[in-house]
Structure formats: structure tokens, C-alpha cells
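Asks: Mind having a look at this structure? Questions to follow.
The values are calculated or read from the model by the stated rules, or taken from the named source; none is laboratory data. Predicted model, so just to flag it, every value in this text is computed and none were measured. Neighbour counts are summed over all protein chains in view; Cβ atoms, including those assigned to glycine, are modelled from backbone coordinates with ideal geometry.
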Amino acid sequence: MRIRLDLAYDGTDFRGWATQPGLRTVQGEVTAALHTVLRVEAGTLQVVCAGRTDSGVHARGQVAHCDLPDDVRLPPESLCRRVNGVLASDVRVRRMTPAPPGFDARFAALWRRYAYRIADEAGAVDPLRRHEVLAWGRRLDLDAMNAAAATLTGLHDFASFCKRREGATTIRTLLEYSWTRDDTGVLVGHVKADAFCHSMVRALVGCLIAVGEGRKEPAWAAQVLAAERRDTAVVVVPAHGLTLEEVAYPPDEDLAARVEQTSAKRAIPEQEES
């Protein structure tokens, strides 16, 4: 039986999602807890997530799946309760449910939504939120940042904002990128895409901070994107301000088709000359 796990975690003390020998990771902790509760041999289970978060990044809406052995008779709700009893308090399985046919936490996802939080004025800096909000010493221009962000949405090669990995594409569809201020005065960047590559969100935020400070004009963001190579003026901001908020999936009857679509190699359609 394949189960779906909805997870939340404080990434402060984790070295990211993916299991690494000798390091504490979210995948490692959740997988070990499942092995313990189900009393199965280590290495039997594999937990696959929708988006592998980097070291220090948080999540409220991470989604994963795991294929359980056929002889498991424990209901998912009971398994969820027992797994949480094993896990440390900085990671929780919020829900555990039977996955519908065709469900794959990674390849069936329609989009992932992140939020990056910045306190750019003294009154918005809250010591109790220091692990999830970046304290910034200069006031940022919200309008300029939104003008620049609007030039980055759509289907593009985001090589300028990604750490390249061998054999991996940097083509993504950025569905939303906008900035607002919440009731406490914290600046919140809303970033939604079909998928993200390594360090992409934090580089996008770093680019917009340069615009918000007035060091760069809003049009500069599009110039960086078009170059398709890393720009030394784009700083990758610290991980602790970033939170994975939500992952969306199609209706159950469309899951298999979505998996097939996202498993294919990405490419940007050629445009006719005008």
C-alpha cells in the first residue's frame, strides 16, 4: 500500500531533506521512525518527497509518499500517531492517508509554493521568529521588487538562479512571484512554480533584494534571467527565511497523466521569428 504523508518541520537543526550518512535529515528521521514503528529491517522503506528542501529550510506543507510492505495491517491514522510518538518535536507528520492510484509525491505535483520572510525595519524584527524570518538592516522598496518580480514569471531557463547539477535541467515555469507585507510589517515573498532547482528561490530573493535596496533597477532582474548564467551581483540569501508552504496535485483521475508529463525532459518551445 502506498501512503501519502503531509509533513511540517523546523529546518533549523536539519541538514536538509535528503538522507546523508552521519547527518540529521528530515528524510532520515521520518524513514527511521517508520522502520521502528513497523519493525522492518533498515533500508526496506523509501520516503519520497515533493520538493527536497535545503539545509535550514522549513516546511508547513511538505508532501511525501512511502510504499509499505503488503503485510502491514496498521491503519494509517494509527501509524501516523505512532510515528509522531517516535519523532522529535521539530518534525511532525500532520496526516497520513492511503494514496490514490497513480499518486507520486514528486512527479504528480502541479506546483510548489514557498514563502520567504524578511524583517526590513526594527519594529518588525521579532526575536521569537529569528529562525524563520531574515532580519535585514535596510528598508526595501516593495513596489520596485514587485515590478522586477513580474518580469521573471513564465516558462524560462532559470540557469542564472540555479546551482547546476549534472544531467538536470534548469527550465522551470514560474507561476507566481510577488511581495506583500503582513500585519506585523514583515515582507513576504510568494514564489510558486511547477518545480524548483537547487537554490533557485533563495537566488530569486537575493536578486530582488538588490532591486529593493535601490542598487539595481527593476529591469535588471530580466537581464540576469536572459543571461542564463550566474551573476556575482545576485546573492543567495540565508536558508532560514524560506518555508515550503504548499504542494498542489490534480484530481485523482489525472494523477497518472501528470506523472507521465513531468517525467519527460523539459524544453522551451521554439518561437517563430517576427
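Asks: Residue check: is residue 18 in contact with a His (Cβ under 6 Å, 6 or more places away or on another chain) and at negative phi?
Replies: Criteria not met by residue 18.
Asks: Can I ask one more? Please tell me if residue 155 is more than 30 Å from residue 46 (Cα to Cα), of a type outside the set (Lys, Arg) and without any contact (Cβ under 8 Å) to a residue 60 or more places away in the chain.
Replies: No, not satisfied.
Asks: Of the residues that sit in the range 145-189 and are basic (Lys, Arg) and assigned to a strand (DSSP E or B), which one is surrounded by the fewest Cβ atoms within 10 Å (Cβ to Cβ)?
Replies: 181
Asks: How do the helices (runs of 4 or more DSSP H) wholly within the range 190-274 filter down when requiring 2 or more residues that are modelled with pLDDT under 95 and not assigned by TED's automatic domain parsing to the domain that holds residue 171: which remain?
Replies: Answer list for the range 190-274: 255-263.
Asks: While we're on this one: Among the candidates 115, 119, 105, 124, which residue alone is touching a His at 6+ places or on another chain (Cβ under 7 Å), in contact (Cβ under 8 Å) with a residue 12 or more places away in the chain and in the same structural domain as residue 179 (by TED's automatic domain parsing)?
Replies: Only one candidate passes the filter, namely 115.
Asks: Right, next: Filter the range 123-144 for residues that are in a loop (DSSP other than H, G, I, E, B) and within 23 Å of the chain's Cα centre (by Cα); which is nearest to residue 219 (Cα to Cα)?
Replies: Checked the range 123-144; the qualifying residue nearest to residue 219 (Cα to Cα) is 136.
Asks: If you don't mind, there's one more thing I want to ask. Mind checking which residues of the range 160-193 are hydrophobic (A, V, I, L, M, F, W, C) and either under 17 Å from residue 115 (Cα atoms) or in contact with a Leu (Cβ under 9 Å, 6 or more places away or on another chain) (or both)?
Replies: Once the filter is applied, which keeps residues that are hydrophobic (A, V, I, L, M, F, W, C) and either under 17 Å from residue 115 (Cα atoms) or in contact with a Leu (Cβ under 9 Å, 6 or more places away or on another chain) (or both), the range 160-193 yields 161, 171, 174, 175, 179, 186, 187, 188, 191, 193.
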